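To keep things clear, I will list the structure first and then write my remarks on it.
The values are calculated or read from the model by the stated rules, or taken from the named source; none is laboratory data. This structure is a prediction, so every number in the text was calculated from the model and none was measured. Ideal geometry is used to build each Cβ from the backbone, glycine not excepted, and the neighbour counts take in all protein chains shown. Please note that ligands, DNA and RNA were not included when accessible areas were found on the heavy atoms of the full protein model with its side chains. Shrake-Rupley method; radii C 1.70, N 1.55, O 1.52, S 1.80 Å.
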Amino acid sequence: MLQHLFRVNLRTMSSVKKSKQSLATNKSKIKKNRTQIPQITEAMKVDNNINSITEKLEVNGKAGRKANNDEILDMEEMSSSTYAKTRLRTKKKSDELEKGGKMHNNPSVIDLKQLDEEPEKVVNSKKPKGINELTGASSSKKIKKETDEVNWEPKDWREILENIRLMRSKDNAPVDTMGCHKCADENADEKTQRFHKLVALMLSSQTKDETTYHAMLRLKEQTLIPETIVNMKLNTLENMLHPVSFYKNKAKYLQQTSKILVENYGSDIPNNIKDLVALPGVGPKMAHICMSTAWQQVTGIGVDVHVHRICNRLNWVPKATKEPEQTRLALEAWLPQQLWGEVNHLLVGFGQTVCTPAKPKCENCLNNNICPSAPKSAKNINKNENNEINPQLAELLNKAEFKKSKTILKNC
């Protein structure tokens, strides 16, 4: 029995040893494989590099052989031409010597230096134009394009502007009686009037002049100064501004701006565009109009929705614009600066009365024959069926003719 157990133990021990040995061999194989994997990958990379280099060398070798062949052909052509010319020269020289003449006094003799230089002239004549010549041509085209853009101006703009002046002199528009410049208290001091004009401009954004004017009347009943706005409750200010467009946002901007004016400007408004635009709720249009009405300084054209719309209808911009600020930059690029101060007031009133956003009154416009946006039906609408002049335009046409004749007499 003991012997049998001893034999069993020996068998198990041997099997355990064999299993350990097999595990050790497997581990060693795994280690060898791990070490071999990066070596194999590196070898594959090297093979790929060698293949790519050989392909490049083959391509370059073909190109080089082709280039060398072309060069050899060129050299052969040059050498053959020089060889023929030298033989011609020697033949002529021998003929002249036989006749007893002198070669040096004959102008038809070809000099050896000239023969050597002629192949170079042929080669140089085949060279392409230089980079400087090409860049010079492109730069000249660019300069010409820039000068054309600078000198651009719309067609018939002087006549159109004069007609707008005549139409604006006929009837008053809302901007003439209730515009932002009319919202200030005439009995207040200049500093307070400047603040009133700024407040009216802040309220006028996307709001009719009538609505802005009545909101300013309600504010002026509370002694409209920056300190009053700062100390006023926000909901009270909102109720006073209603129904101005975006009255809640504008009430918040008014309080923030009033606080800045009290702290930094002594309750006055800034006297430059940079500081005005930095105020909450003040954009470029408001800033330029404020500089014109409050400080009597023309710093730019105030472009609102009316000016933006009319300038695009009249093609007063080189390309159609989508934003009023784009229209302002395009308009200032060509319009003489002495007209900047009046163009906003003229076009706003014209847009309120004649060139309205919807259903413009082209039949009552003096520019319907030269306006690029006027419909064909309005081109000849100044005359009715009996070929009689429209009575609504008779007075304006007479004024236009009288003004033209007056200017002619002045120039005589």
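For the pair residue 272 and residue 259 in one chain, pulling the backbone fully straight at 0.36 nm per residue adds 2.8 nm over the alpha carbon distance. Count the net charge of all other residues whose Cβ sits under 13 Å from the Cβ of residue 192, scoring Lys and Arg as +1 and Asp and Glu as -1. Within the 13 Å Cβ shell, the charges total -2.
Working from label points 7 Å from Cα in the Cα-to-Cβ sense, the residue 158 to residue 188 distance is 4.3 nm. Each Lys and Arg Cβ is given +1 and each Asp and Glu Cβ -1; about its Cα centre, the range 157-364 then shows a dipole of about 600 debye. On a per residue basis, the range 157-364 carries 48 Å² of accessible surface, using protein heavy atoms and a 1.4 Å probe.
For the set 155/197; 259/285; 191/319, the pairs lying more than 30 angstrom apart at their alpha carbons are 155/197; 191/319. The label-point distance for residue 332 and residue 245, in a model that sets each label 7 Å from Cα toward Cβ, rounds to 2.3 nm. A straight line joining the Cα centroids of the range 236-287 and the range 325-366 runs 26 Å. In this structure residue 317 has an accessible area near 10 Å², from a 1.4 Å probe over the protein heavy atoms. Remark on the range 157-364: ratio of C-alpha radius of gyration to 2.2 N^0.38 Å is 1.03.
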